[in-house]
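Worksheet: the structure to be examined is printed underneath.
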Amino acid sequence: MPPPLHSMTGFARVRRPLADGEIVVSVKSLNHRGLDVQVHAPSSADPFEAAIRAMIKSRVARGHVEVRVTLPAASTNGSGWNRTLVDDYLKAFREAAAAHGIEAAPDLNAAFRIPGVFGEAAEAEAPAGAETALLDALTVALEELNVFRAREGAEIAEEMRTHNDRVAAAAGQMEQIRTGASAAFQNRLNERLKELLNTAQIEPQRLAQEAAILADRSDIGEELARLKIHSAQLAALLDTGGEVGKKLDFLLQEMNRESNTILSKTGGIGDAGLKITELALEAKAAIEKIREQSLNLE
C-alpha cells in the first residue's frame with residue numbers, strides 16, 4: 001500500500017499526568033517551502049529540545065511546525081510565587097542598605113516585578129519524569145497530527161484528480177479538433193509562405209527553412225502530446241503518495257507552459273482555433289486549481 005499523501009496543515013494536543021500537575025504538548029503545522037520547526041517551552045525543558053526536534057524530523061518532512069510544551073511550575077510555593085527569589089531580593093536589599101547607611105524599606109511591588117517570581121524560576125529544573133512523559137505525549141501528538149494531515153491530504157488529492165481529469169479531457173478534445181482542422185493549419189501555413197515570397201527574394205534553401213519553422217509554429221501536436229503525458233504523470237504521482245509537493249510544482253509548471261504555447265499557436269484558423277483556445281484556457285484554469293491545492297501538500 002503506498003504511503004499516504006499529507007497536507008501541511010494540522011493540529012493535535014496531548015496531556016499527560018505528572019507529579020504536581022500535567023504536561024501538555026500541542027503541535028500545529030502550517031504550509032512552508034521546507035521544514036521549519038519552532039519549539040515554545042519553559043527553560044526547564046531546554047535539555048529535551050534536541051530530542052523534540054529529532055522526533056519531529058522523523059515524522060514530518062515539510063511545513064512550519066510549532067510545538068508548545070507546558071510543564072508544571074517548579075520552585076514555587078502554594079501561592080504561585082517564587083519565595084526563594086523574593087527572600088533573596090529582600091536579603092540583598094537590606095544588606096545593601098546597611099552597607100551604605102541608607103534607611104529605606106524594600107518595595108514588595110518591585111520584588112514581584114522581578115522575572116521569574118511568578119511562574120518558573122530562572123534556573124528551575126523540570127519535574128522528575130518530565131522527559132519521558134513529554135516525549136511520550138509528543139509521540140502521540142505527532143501520530144494524531146499525521147492522521148489529521150493524511151485525511152486532509154486524501155481530500156486534496158481527490159480534488160486534484162478531478163481537475164486533472166479536466167486537463168486530460170481538454171487535451172483529448174483539442175487533439176480531435178487538431179486532426180479535423182489540419183486543412184485550416186495548412187492554409188494558414190500557405191498564406192504565410194506567400195507573404196514571405198511577396199515581400200522579398202528568398203533562396204530555396206532559406207524558404208525551406210522558413211517553411212519548417214512556420215510548420216512547427218503552426219502545429220500543436222507536440223504540445224498536446226506532452227500535456228497528456230504530464231497529466232498522466234501527475235495522476236501517477238498522486239497514486240504513489242508520500243512527499244510529492246515539490247515534484248508537483250515542477251510538473252505543473254511544465255503543464256502550464258504547454259497550455260500557453262498551444263494558445264500562442266491557434267490564432268487565425270477560424271472556428272477550430274477558437275474552440276482550441278477555449279479548451280486550452282479551460283485546461284489552464286484546471287492546472288491553476290491543481291497548483292493552488294498542491295501548495296497544501298507535503
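Since every read-out is calculated from the coordinates, none of them should be taken as a lab result. This one's a predicted model, so the numbers in the text were calculated from it and none came from an experiment. Note that each Cβ is placed from the backbone with ideal geometry, even for glycine, and that neighbours are counted across all protein chains shown.
Computed values, structure above
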read-out	value
Distance violations [Cα-Cα > 23 Å] among Lys57/Lys289; Lys228/Lys265; Lys247/Lys275; Lys246/Lys275; Lys246/Lys284	Lys57/Lys289; Lys247/Lys275; Lys246/Lys275
Leu274 versus Arg257: modelled label distance in nm, points set 7 Å from Cα along the beta carbon direction	3.2
Full-stretch length increase - Ser58, His100 - with 0.36 nm per residue and alpha-carbon distance subtracted	9.2 nm
Full-extension gain in nm, Ala128 to Glu292, via 0.36 nm per residue minus C-alpha separation	54.3 nm
Kirkwood hydrodynamic radius of region 31-74, Cα pairs, Å	11.2
Theoretical FRET efficiency, 1/(1+(r/R0)^6), r = Cβ-Cβ of Asp20 and Thr139, R0 22 Å, to 0.05	0.45
Nitroxide proxy distance, nm - points 7 Å out along Cα→Cβ at Gln176 and Thr70	6.1
Gain in span if fully extended, Arg33 to Asp219, counting 0.36 nm per residue against the direct Cα distance	63.2 nm
Ranked by how many other beta carbons lie within 10 Å on average, peptides 246-258, 48-60, 95-107 from highest	246-258, 48-60, 95-107
